[in-house]
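Read through the structure below, which is laid out as structure tokens, and then see the notes.
No lab work stands behind these numbers, since they all come straight from the coordinates. Quick caveat, the model's predicted, so the values are computed rather than measured. FYI the Cβ positions are ideal-geometry reconstructions off the backbone, even for glycines, and counts take in every protein chain you see.
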Amino acid sequence: MSKLKIAELFYSIQGEGRYMGVPSVFLRTFGCNFKCAGFGMPKGESSIEAEDIAQVAHMFTKYEDLPLVSTGCDSYASWHPDFKNLSPMIETDGIADRIMEILPFGEWRDEHLVITGGEPLLGWQRAYPDLLSNPKMASLKEITFETNGTQKLTPEFKEYLTNWQLDGRGFPNEVTFSVSAKLSNSGESRAEAIRPDVVCEYEEVGYAYLKFVVASEADAMEAIMTGGIYRAAGFKGPIYLMPVGGVESVYSLNNRRVAELAMKHGLRYSDRLQVPLFKNEWGT
């Protein structure tokens, strides 16, 4: 039986993108190929908030006690090695059991499964078929992978997802790839972050959309230019602008501005409902 290293497993509503407002189970895996230390920082500078917290990582025994950050990656504990002890390895049967415990009716009804991270497509693709094939997951109809769009699907996993969608009872199951491709404001290398070939491959398997985190008109223009690169490679899905801000004080400075930028340039706007509703606390 396969195992997954799980940073968080919780029930909430989806705060972003296509399924915003839908009740969802979030399965957050540990590990990422990016740090995104540039978010919320002046251009060219990197946040050290996560590193400062890591210096006292021994003080924390559970995610709920970890401080939130106003700059950099707001899910830093899902990839920073100093917090890996907070993310246990759990067998897929145990994960399915826990999901049944946190679903409001003890079974899948209209809820959605969001597999997020970290970067959920890094090394865990081999384990997902075991989880999704568990009998307790049989009535699940919709999955979203929240990914940075840099990880190719293995041939085996592509085949599994294709067949999983055809196995729906009465109507096909649906796989969505919510691709948060990283612009220069993330602090990540553009050559590594912008992979149209990978994202176009996702569209061979399911529905995909791009979601760019922005704070300024310059960010929006970079998003439009970058979206054009994806379009030139054959990408067909929609493009969203989403405000930067993992805490309300930063988010509230950006959300209206980003919504207006999305309208101005004819793009979709994605809110971040988990910030105003739940203050982006862990487990929300």
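Partner lysines whose Cα lies under 24 Å from the Cα of LYS264, excluding those fewer than 8 positions away in the same chain, are identified as LYS43, LYS182, LYS211, LYS236. Applying a 4.7 Å cutoff between beta carbons, the unpaired cysteines of the chain are CYS32, CYS200.
In this calculation the C-beta distance from ALA232 to HIS265 is compared with R0 = 25 Å, giving a FRET efficiency of 0.90.
According to the square roots a ≥ b ≥ c of the eigenvalues of the Cα gyration tensor, what is the shape class of the chain, taking rounded for a/c under 1.5, prolate for a/b larger than b/c otherwise, and oblate for the remainder? Taking the square roots of the gyration eigenvalues as a ≥ b ≥ c, the chain is oblate. Rounded to the nearest 20, the size of the Cβ-charge dipole of region 102-191 about its Cα centre is 180 debye, with Lys and Arg at +1 and Asp and Glu at -1.
Only helices enter this figure: runs of n ≥ 4 DSSP H residues, each worth -39500 (n - 2.57), summed and divided by the residues of the chain, yield -8500 deg cm²/dmol at 222 nm to the nearest 500.
Remark: relative contact order (region 1-135) = 38 percent; criterion is Cα-Cα distance under 8 angstrom and separation of 6 or more residues. The slack between ARG257 and ASP97, meaning 0.36 nm per residue of separation minus the straight C-alpha distance, is 53.4 nm.
Where both bridge residues fall in region 3-278, DSSP classifies roughly 30% of the beta bridges as antiparallel. Using the Stokes-Einstein relation with a Kirkwood hydrodynamic radius computed over Cα pairs, the translational diffusion coefficient of region 11-137 at 25 °C and a viscosity of 0.890 mPa s comes to 151 µm²/s. Does region 202-284 come out rounded, prolate or oblate by the C-alpha gyration tensor, with a ≥ b ≥ c the root eigenvalues, rounded set by a/c under 1.5 and, if not, prolate when a/b is larger than b/c and oblate if not? It is oblate, given that a/c is not under 1.5 and a/b is not larger than b/c. Most tightly packed first, judged by the mean number of other beta-carbon atoms within 10 Å of their residues, the peptides 86-99, 135-148 read 135-148, 86-99.
With contacts taken as Cα pairs under 8 Å at a separation of at least 6 residues, the chain carries a relative contact order of 21 percent.
For LEU86, what is the net charge nearby, where nearby means another residue's Cβ is under 14 Å from its Cβ and Lys, Arg count +1, Asp, Glu -1?
Net charge around LEU86: 0.
Simple rule: put +1 on each Lys or Arg Cβ and -1 on each Asp or Glu Cβ in region 3-278, find the dipole, and look at SER133, MET41, ASN85; the Cα lying farthest toward the positive end is MET41.
Region 150-211: which trypsin sites (Lys or Arg not before Pro) are DSSP loop and have at most 16 other beta-carbon atoms within 10 angstrom?
Sites meeting the loop and neighbour criteria: LYS152, ARG169.
Sorting 56-62, 227-233, 192-198 by their mean Cβ neighbour count within 10 Å, with the most densely packed peptide first, gives 192-198, 227-233, 56-62. Computed over the chain with a Gaussian network model linking Cα atoms closer than 10 Å, the most mobile of GLN125, GLN14, GLN55 is GLN55. Model label sites at GLU159 and GLU64, defined 7 Å from Cα along the beta-carbon direction, differ in position by 4.4 nm. Were the residues from ALA191 through VAL247 laid out at 0.36 nm apart, the gain over their Cα-Cα distance would be 17.3 nm. Sorted ascending by nearby beta carbons within 10 Å, beginning with the fewest, ARG256, ARG268 become ARG256, ARG268.
The relative contact order of region 144-284, computed from alpha carbon pairs under 8 Å that lie at least 6 residues apart in sequence, is 20 percent. Since only VAL258, ASN173, GLY227 are under comparison, the one whose Cα sits farthest along the positive direction of the charge dipole of the chain, derived from C-beta charges on Lys, Arg, Asp and Glu, is GLY227. Basic side chains Lys and Arg get +1 at the Cβ, acidic Asp and Glu get -1 at the Cβ, and with that the dipole of the chain about its Cα centre reaches some 520 debye. Straightening the chain between GLU203 and MET221 buys 4.0 nm, computed as 0.36 nm per residue apart minus the Cα-Cα spacing.
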